[in-house]
Amino acid sequence: MSQKRDLTARKLFFKYYDGALENNLNVTLEGWIKSHRNNGSVGFIEFNDGSYFKNIQLVYDKENANFAKISKAKYGSSIEINGVVRLTPEMKQPFEIQLTDLRVLGDCAEDYPLQKKRHTFEFLRDIAYLRPRANTFNAVYRVRNACAYAIHKFFQERGFIYVHTPEITSNDAEGAGQVFHVVNDFKHPNDFFNSSACLTVSGQLHAEAFALAFRDVYTFGPTFRAENSNTNRHASEFWMIEPEIAFADLDDNMDLIESFLKYVIKYVLDNCKDEMEFFNNFIDKGVIEKLNNVINSEFVRMDYTKAVELLKKAAEAGHKFENPDIYWGTDLMSEHERYITEEIVKGPVFLINYPKEIKAFYMKLNPDNKTVAACDLLVPKEGEIVGGSQREEDYDKLFAKMKEIGNDKGLEWYLNLRKYGGCIHSGFGLGFDRLLMYITGMQNIRDVQPFPRCPGSLKY
Ligand code: 4AD
Ligand code: MG
């Protein structure tokens with residue numbers, strides 16, 4: 001690596017925070033111009049090299065022999081600069097760089113779509129290849145990165161094995177029929193694999209096989225759903241974290257979800273201070289306080305049956321639901337979930353023990369024969385971010401259920417896990433992109449994903 005590439009804005013900031021950044025230090029940096037103003041005698045450039053969220057201010061004045069040349073450098077261009085660090089403890093930014101020279105490496109054309117003004121998120125979505133340079137998205141993708149790291153860190157510190165479950169599969173793990181089919185140029189679509197093939201909707205079934213060998217495992221990767229729902233919370237491709245734990249029941253599962261979420265949130269608050277301050281100031285006022293409350297409170301656990309009672313009471317007391325027909329057995333709508341978490345609990349809540357008819361085939365039937373040991377975690381504004389359950393470990397019950405819904409072909413191996421040394425086990429799926437919405441306060445899933453794929457849009 002060249003000496004030059006070795007220095008970054010990140011290193012300078014870290015040095016500063018360590019109290020080790022010297023005044024008058026000579027530096028060379030490469031990066032981009034985020035803004036440039038010049039009043040004829042002094043000039044200011046907001047500079048960012050991508051290594052750190054905050055910009056560095058570059059200053060130059062008439063005394064500088066290169067004044068005219070530097071003045072011409074345009075907003076958006078990539079540059080190499082030489083300069084001297086000036087500590088500025090009395091200013092908003094802790095240090096600036098007094099320029100000695102600036103060289104334009106890549107000019108930026110006048111028709112640059114990312115102008116220096118405030119753009120709408122819709123517009124920025126349309127220029128998804130440029131939006132990582134916009135402040136908000138710079139913060140979003142940094143937090144996305146930190147979150148992904150924290151997720152691995154949490155599981156690795158606890159001895160979980162990371163398993164890469166397949167993306168191409170022959171089963172619809174959820175049995176909900178929302179799969180994308182994988183086709184090819186063979187005469188018959190099934191010729192390639194000798195079986196029909198689709199993109200995975202969940203790695204759970206394969207993760208179960210690994211949990212029954214390694215005890216505690218997790219997957220973390222992309223999943224695909226052909227749901228034709230054009231909401232701000234649904235994407236056709238999204239990332240999911242799916243842990244699976246052996247010798248664990250529903251309570252163990254919820255304990256894991258809760259400690260896991262708190263860990264990841266705390267990691268982001270501790271390690272993305274500048275980004276989180278940005279979200280708190282410009283995107284979602286109070287988001288930091290909200291997250292601190294989440295870390296410091298115990299998540300409520302509530303039976304589905306209880307939730308239905310409370311919703312009915314609310315409707316009777318005059319609360320206007322768009323779907324007022326609430327009865328035991330109904331699949332709760334997003335507005336119902338939000339009422340529970342926003343109005344009743346005012347924080348995260350686990351809804352547990354759902355009617356078996358509205359949940360996936362693999363969930364453990366409770367002794368009442370009516371409900372299954374499921375747990376959905378609901379949070380204010382978004383509703384469900386986690387779906388989990390204890391798995392049915394009884395071969396006969398699972399087989400009967402799979403036959404009943406016609407999902408028994410091709411999943412013999414999954415059933416056999418109950419036959420060859422099975423045990424009680426549980427797991428959950430956390431929508432990574434929904435978690436990011438929750439942490440950043442961004443309101444559209446399209447604005448926390450790098451290149452979103454949603455019904456009707458596959459640009460980039
Ligand atoms: O509730 P879901 O469908 O559960 C499963 O797939 C289980 N197999 C998980 C498991 O137990 N291993 O999905 C889990 C989570 C949801 O709570 C939600 O956060 C997210 O995945 N999710 C989506 N996120 C974005 N766009 C979509 N279309 C999503 N569908 C589900
Ligand atoms: Mg779900």
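Some points to look at:
- Pairs, first without any contact (Cβ under 8 Å) to a residue 12 or more places away in the chain in the stretch 82-98, second outside any strand (DSSP E or B), C-beta under 7 Å, six or more apart: Thr88/Pro94
- Enumeration of residues in the stretch 374-396 that are near ligand 1 (Cβ under 8 Å from one of its atoms) and touching a residue at least 60 places away in the same chain (Cβ under 8 Å): Leu377, Val386, Gly388, Ser389
- Exclusive hit being of a type in the set (Ser, Thr, Tyr), in contact (Cβ under 8 Å) with a residue 24 or more places away in the chain and within 13 Å of ligand 1 (Cβ to nearest atom), set Thr200, Thr136: Thr200
- When the residues of the stretch 87-108 are filtered to those that are polar (S, T, N, Q) and part of a loop (DSSP other than H, G, I, E, B), the one that is least open to solvent (accessible area, probe 1.4 Å) is Thr88.
- In the set (1) in contact with a His (Cβ under 8 Å, 6 or more places away or on another chain); (2) open to solvent by 40 Å² or more (accessible area, probe 1.4 Å); (3) in a helix (DSSP H, G or I), the condition left unmet by Leu311 is number (2).
- Note on the stretch 97-150: residues that are among the acidic types (Asp, Glu) and under 20 Å from Ser35 (Cβ atoms) amount to 4.
- Matching residues in the stretch 1-50 - criterion: being open to solvent by 70 Å² or more (accessible area, probe 1.4 Å) and part of a strand (DSSP E or B): Asn26, Trp32, Arg37
- 2 or more residues away from ligand 2 (no atom under 15 Å from the Cβ) and more than 30 Å from Asn135 (Cβ to Cβ): qualifying helices (runs of 4 or more DSSP H) within the stretch 354-454: 395-404, 412-416
- Matching option when the condition is in contact with a Leu (Cβ under 6 Å, 6 or more places away or on another chain) and either at pLDDT 95 or above or within 11 Å of ligand 1 (Cβ to nearest atom) (or both), among Tyr420, Tyr414: Tyr414
- Among the candidates Arg301, Arg338, the residue that is closer than 18 Å to Val372 by Cβ, within 25 Å of the chain's Cα centre (by Cα), open to solvent by 40 Å² or more (accessible area, probe 1.4 Å) and touching a residue at least 40 places away in the same chain (Cβ under 8 Å) is uniquely Arg301.
- Any chance Asp111 is surrounded by 13 or more Cβ atoms within 10 Å (Cβ to Cβ), over 20 Å from the mean Cα position of the chain (by Cα) and of a type outside the set (A, V, I, L, M, F, W, C): no
The values are calculated or read from the model by the stated rules, or taken from the named source; none is laboratory data. Being a predicted model, the structure only gives us computed values, none of them experimental. Quick reminder, even Gly has a Cβ in these numbers, built from the backbone with ideal geometry, and neighbours come from all protein chains shown. Keep in mind that these areas ignore ligands, DNA and RNA; they rest on the heavy atoms of the full protein, side chains included. Shrake-Rupley method; radii C 1.70, N 1.55, O 1.52, S 1.80 Å.
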